[in-house]
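A.B. asks: Quick one: the structure is below, and I'll ask about it shortly.
The values are calculated or read from the model by the stated rules, or taken from the named source; none is laboratory data. Given the structure is predicted, the values throughout are model-derived calculations rather than measurements. Neighbour counts run over all protein chains shown; Cβ positions are idealised from the backbone, glycine included.
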Amino acid sequence: MQHTLSERLFDDGDRTGLDPMAIFEEWFALAKASEPNDPHAMALASAGEDGMPDVRMVLLNARDARGFVFFTNFESAKGQQLRANPQAAMVMHWKTIRRQVRVRGPVEVVQPEEADAYFASRARGSQIASAASLQSSPLPSRMALIERVTDLAAEIGDGAVLRPPHWSGFRILPVSIEFWKDGEFRLHDRVKFVRDAPSAPWTSQRLYP
């Protein structure tokens, strides 16, 4: 009988060869089938130059064998923090399946082609809003934002909305991935994968809940 990756993950046998990115895909597929809204939602933590941590909810926009990608305005608080201190942590918690995944690692800016492709896939209204917003800057009123969006839409007309140079993406290159599954009486299952660098092999360890 073939076991799922999750069964192998929490089996105290040999986990050698298990790929945490493949396990994430299995869990994410379960979440997409059951979460009523935004299974892509994740809490993203960064830190400024002063070391003060900051966290906010964003969307996981893409992922591959290299890591986890989200897009943002580089002039936003998180954009400035991640460019000054290029490392981050994220957590995805899916209540419907009672599981969460925690990730830590350095970040890199995605290639311009990746950012262009994702920006082009967005709804036109979202493209214009992203280009018009001075994200994280003080806003005198909601009407001021609406006017910026309206003015930019009129300026562009029927033309294509080009990706602003300050709008792109970051990829978290995981060096730590922890899988957590809810258990009765707080006897949760936790397994953590770690590696010394994004190109190094993974090792894993079960943790006390």
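A.B. asks: In segment 112-133, what residues are exposed (fewer than 13 other Cβ atoms within 10 Å of the Cβ) and in contact with a strand residue (DSSP E or B) (Cβ under 9 Å, 6 or more places away or on another chain)?
C.D. replies: Result: Pro112, single match.
A.B. asks: All but one of (1) touching a strand residue (DSSP E or B) at 6+ places or on another chain (Cβ under 7 Å); (2) in contact (Cβ under 8 Å) with a residue 40 or more places away in the chain hold for Ser136; which doesn't?
C.D. replies: For Ser136, the exception is condition (1).
A.B. asks: Any chance you could count how many residues in segment 163-188 are assigned to a loop (DSSP other than H, G, I, E, B) and in contact (Cβ under 8 Å) with a residue 24 or more places away in the chain?
C.D. replies: 8
A.B. asks: Looking at segment 90-118, which of its residues are over 23 Å from Ser46 (Cα atoms) and touching a Phe, Trp or Tyr at 6+ places or on another chain (Cβ under 8 Å)?
C.D. replies: The answer is Ile97, and nothing else.
A.B. asks: What residue, among those in segment 25-41 that are in a loop (DSSP other than H, G, I, E, B) and charged (D, E, K, R), is farthest from Arg206 (Cα to Cα)?
C.D. replies: Among those that are in a loop (DSSP other than H, G, I, E, B) and charged (D, E, K, R), it is Asp38.
A.B. asks: Taking Tyr208 as meeting all but one of (1) at pLDDT 95 or above; (2) loosely packed, with under 13 Cβ neighbours inside 10 Å; (3) not in a loop (DSSP other than H, G, I, E, B), write down the number of the exception.
C.D. replies: Going through the list (1) at pLDDT 95 or above; (2) loosely packed, with under 13 Cβ neighbours inside 10 Å; (3) not in a loop (DSSP other than H, G, I, E, B), Tyr208 breaks only (3).
A.B. asks: Looking at Gln81, Gln100, can you tell me which residue is crowded, with 19+ Cβ neighbours inside 10 Å, touching a His at 6+ places or on another chain (Cβ under 6 Å) and not in a loop (DSSP other than H, G, I, E, B)?
C.D. replies: Details: Gln81 fails: touching a His at 6+ places or on another chain (Cβ under 6 Å).
That would be Gln100, the only listed residue that is crowded, with 19+ Cβ neighbours inside 10 Å, touching a His at 6+ places or on another chain (Cβ under 6 Å) and not in a loop (DSSP other than H, G, I, E, B).
A.B. asks: Kindly evaluate Arg83 against the criterion of being over 16 Å from His166 (Cβ atoms) and of a type outside the set (Asp, Glu).
C.D. replies: no
A.B. asks: Further, regarding this structure: Looking at segment 193-201, is at least one residue loosely packed, with under 11 Cβ neighbours inside 10 Å and either β-branched (Val, Ile, Thr) or in a helix (DSSP H, G or I) (or both)? Can you show your working first?
C.D. replies: Residues of segment 193-201 that are loosely packed, with under 11 Cβ neighbours inside 10 Å, as a first pass: 196-197, 199-201.
Then keep just the ones that are either β-branched (Val, Ile, Thr) or in a helix (DSSP H, G or I) (or both); that gives none.
No, because not a single residue in segment 193-201 is loosely packed, with under 11 Cβ neighbours inside 10 Å and either β-branched (Val, Ile, Thr) or in a helix (DSSP H, G or I) (or both).
A.B. asks: Do any residues in segment 105-132 that are touching a residue at least 40 places away in the same chain (Cβ under 8 Å) have Cβ atoms under 6 Å from those of residues that are in a helix (DSSP H, G or I), where the two are at least six apart or on different chains, and which pairs are they?
C.D. replies: Every condition considered, the pairs that remain are Val107/Leu82.
A.B. asks: With respect to Leu5, is the statement that it is modelled with pLDDT of 95 or more and under 17 Å from Gln100 (Cα atoms) true?
C.D. replies: no
A.B. asks: Here's something else I'd like to know. Filter segment 7-62 down to residues that are surrounded by 13 or more Cβ atoms within 10 Å (Cβ to Cβ) and among the polar types (S, T, N, Q) and give me whichever is farthest from Arg195 (Cα to Cα).
C.D. replies: Asn61
A.B. asks: Quick one: count up the residues across segment 132-164 that are in contact with a helix residue (DSSP H, G or I) (Cβ under 6 Å, 6 or more places away or on another chain) and either among the basic types (Lys, Arg) or modelled with pLDDT under 90 (or both).
C.D. replies: 3
A.B. asks: While we're looking at this one, here's another question. Considering only residues of segment 1-24 that are in contact (Cβ under 8 Å) with a residue 24 or more places away in the chain and part of a helix (DSSP H, G or I), which is farthest from Lys181 (Cα to Cα)?
C.D. replies: Top of the filtered list is Met21.
A.B. asks: Restricting attention to segment 141-170, which residues are β-branched (Val, Ile, Thr) and surrounded by 15 or more Cβ atoms within 10 Å (Cβ to Cβ)? Don't jump to the end; show me each part of the working.
C.D. replies: In the first step, residues of segment 141-170 are kept if they are β-branched (Val, Ile, Thr); the result is 146, 149-150, 156, 161.
Listed by number, the residues that qualify are Val149, Ile156, Val161.
A.B. asks: Please find, within segment 165-187, the residue that is nearest to Val69 (Cα to Cα) out of those that are in contact with a helix residue (DSSP H, G or I) (Cβ under 7 Å, 6 or more places away or on another chain) and among the hydrophobic types (A, V, I, L, M, F, W, C).
C.D. replies: Among those residues, the one meeting the criterion is Phe170.
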